[in-house]
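What follows draws every value from the coordinates through simple rules; no lab data is involved. Everything numeric here is computed off the predicted structure, so don't read it as measured data. As a convention, Cβ positions derive from the backbone with ideal geometry for all residues, glycine included, and neighbour counts pool all protein chains shown.
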Amino acid sequence: MLHHFKRLVFKICCNFLTTHPLYLNNTGSYRPNFFINKKVFMMYKKQLLVVVFLAASIFFIQCSKSFEESANKDSSVANSENGPEGTGLINSGKQIFRYDTYGDEEFWSGLLHIDKAIAGAENGGFGPGVSPNTALAVGLKVDVNALPPDVIAGILSGEVDLDDPATTITLLQLNSVVGVKGNFDAKGSLQSIGITCASCHSTVDNSFAPGIGKRLDGWPNRDLDVGTIVSLTDNAQPIADMLHVDEATLRKVLGLWGPGKYAAVLFMDGKAFRPDGQVAANLIPAAFGLKGIRRTTYTGWGDISYWNAFVANLEMHGKGRFLDPRLNNADKYPIAVENGFYNVTNTPDLITSKLPALRAYQHSIEAPKPPAGSFDNAAAHRGKAIFVTKAKCDGCHRLPLYSDNVLHTAAEIGIDDFEAMRSPTGKYRTTPLGGLFTRAKGGFYHDGRYATLLDVVNHYNDHNSLNLSANEKDDLVEFLKSL
Ligand code: HEC
Ligand code: HEC
């Protein structure tokens, strides 16, 4: 009996704690379990009053324990991902990551008509259409493993016309365009397209041709020009209205993002430009090497399941359930408030049940190792010693994750606080550095402000008065290239 109440009280209290805004950063659960538990609370109110005295002490002990557990929830789940059951979860997460659109066709086709723009006027759409060569030019990738031998032979012989939008439709039918899913009717005509996580967070190894090869999941697609792709729409007005700008301004902003960048927070706060007048857009980050990383995104919005739900619901416009009271702040997030992004409900919910598998898959992807010969081994060894001593990098980029799971102020890392202050945290998260070579394109730091690793090292050298010699800087760079 006591045990029963102990568990009940503990559950209610802990659920309250873990859903309280103060603790939002540490929890994976953004479902409205507080409200559900409020009901439970009312039901058991009498019994609770009887045991409340006894329970108080138990609660405090248990809750502090549980809070630690919940803070480590991601890593404990990650461990259970290793068993035979875990493998199943990882595999289904892989399918979801690659192919699931969460019902976002309603946005990408229903509202933006991107399917019709791809097809072109000659194939029942509008405009010139998007040929495979045009698609590759805006950074879309083709999965060579999805191509049957005759299509491969046709591409090699030139019989398959890569300048014809009809070929793009064939590629979509083969489910070979990474991150873009076409839906076809029985007659084989394109009904709609949707996008998946892989559009931004996978690329290919170019083994067949530039842009055509085997999938590399978790690698950021730094060629993908999301702004240009969205601009294909003939119906930009609703998005412009949402952001309270005219269509020309919206199209200008989309054109300024450039390859490998996307502006997720724009659709919350409406800030298209940084205070220095440059367009505000962040580099697509790696979706690998995140096991053990408690806060995701450059500014630590939340844990991985929080962010996965955020993106699937609010950016891809999939159909799920999302709750984050922090977004219900009209001063900070006017667009989010106007559109009710802090509390989204769709029935059926095509997202929430997929989050554990999605997380399992992302956590299973380790940071890839750079190819042999892409850095100087001896210099990298010397660089490692500098990294952990004189350059004091491991104060934040702590081994083995190369991250400390701690947020830092803009002043600590010596940059402006614009992006940090747009996040509920007001800070920057230490980026895990594994697989840096996969994201050399587009620059470093959240917005790519440092073009090269040497620029990054020079920045730290100045900001932290490290007094590194030219040789030491070079060694440090070789070490970074080796990660
Ligand atoms: C349109 C491109 C795009 C799509 C589609 C997309 N993401 Fe992202 N993703 C980004 C960008 C840009 C960021 C960086 C956000 C920030 O910090 O401002 C990001 C951040 C992340 C992060 C945080 C990585 C880290 O270092 O902490 C994870 C995890 C992630 N995305 C997973 C996903 C998943 C899962 C999906 C599908 C449900 C998805 N993303 C869909 C562009 C995209
Ligand atoms: C005070 C904590 C701190 C210290 C010390 C620190 N870093 Fe960082 N580092 C960060 C944070 C936070 C970011 C994310 C900045 C951003 O995205 O705007 C970052 C980003 C980076 C990046 C960019 C990663 C990417 O994918 O964009 C590199 C490279 C890097 N740091 C290397 C180093 C090196 C080398 C040193 C030592 C000379 C060092 N850091 C010292 C906190 C730190």
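Quick look at the values:
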quantity: Cβ-defined net charge surrounding Gly442, 11 Å radius [Lys, Arg +1; Asp, Glu -1]; calculated: +3
quantity: J(HN,Hα) series, the range 328-345, from Karplus relation 6.51 cos²θ - 1.76 cosθ + 1.60, nearest Hz, glycine and proline x; calculated: 7, 9, 5, 6, 8, 10, x, 5, 4, 5, 4, 9, x, 5, 6, 7, 10, 10
quantity: Estimated vicinal HN-Hα couplings, Hz - the range 257-273 in sequence order (Karplus 6.51, -1.76, 1.60; Gly, Pro = x); calculated: 4, x, x, x, 10, 8, 10, 5, 7, 3, 7, 10, 10, x, 8, 8, 10
quantity: For Leu350, distant residues with modelled amide H under 5 Å away; calculated: Lys319, Gly320
quantity: For the range 365-393 versus the range 283-341, the gap between their alpha-carbon centres in whole angstrom; calculated: 32 Å
quantity: Net charge contributed by nearby residues that have their C-beta within less than 15 Å of Asp115 (K/R +1, D/E -1); calculated: -4
quantity: Per-peptide average of other Cβ atoms within 10 Å, ordering 342-350, 422-430 highest first; calculated: 422-430, 342-350
quantity: Straight-distance crosslink candidates among aspartates and glutamates, where the alpha carbon sits under 20 Å from Lys427 and sequence neighbours closer than 8 are dropped; calculated: Asp269, Asp276, Asp303, Asp324, Asp331, Asp394, Asp404, Glu412, Asp416, Asp417, Glu419, Asp447
quantity: Amide H partners (placed H, <5 Å) of Trp301, local residues excluded; calculated: Thr296
quantity: Likely footprinting exposure, Leu407, Leu156, Leu140, fewest C-beta neighbours within 10 Å first; calculated: Leu156, Leu407, Leu140
quantity: Sequence of His381, His397 once ranked by neighbouring C-beta atoms within 10 Å, starting from the fewest; calculated: His381, His397
quantity: Ordering of 125-136, 184-195, 100-111 by burial proxy (mean other Cβ atoms within 10 Å per residue, highest first); calculated: 100-111, 125-136, 184-195
quantity: Mean-position separation - Cα centroids, the range 168-235 and the range 394-419, in angstrom; calculated: 34 Å
quantity: Ala209-Ser469 FRET efficiency (beta carbon distance; Förster radius 56 Å; 0.05 resolution); calculated: 0.80
quantity: Protection proxy ranking, peptides 173-182, 159-168, average beta carbon neighbours within 10 Å, highest first; calculated: 173-182, 159-168
quantity: Residues whose placed amide H lies under 5 Å from that of Gly289, excluding near-sequence neighbours; calculated: Ile365, Glu366, Ala367
quantity: Under Karplus coefficients 6.51, -1.76 and 1.60, residue-wise ³J(HN,Hα) of the range 299-311 in Hz, glycine/proline x; calculated: 10, x, 4, x, 7, 5, 6, 4, 5, 4, 5, 4, 5
quantity: Over 28 Å between alpha carbons, listed pairs Lys187/Lys252; Lys141/Lys187; Lys187/Lys354; Lys214/Lys473; calculated: Lys187/Lys252; Lys187/Lys354; Lys214/Lys473
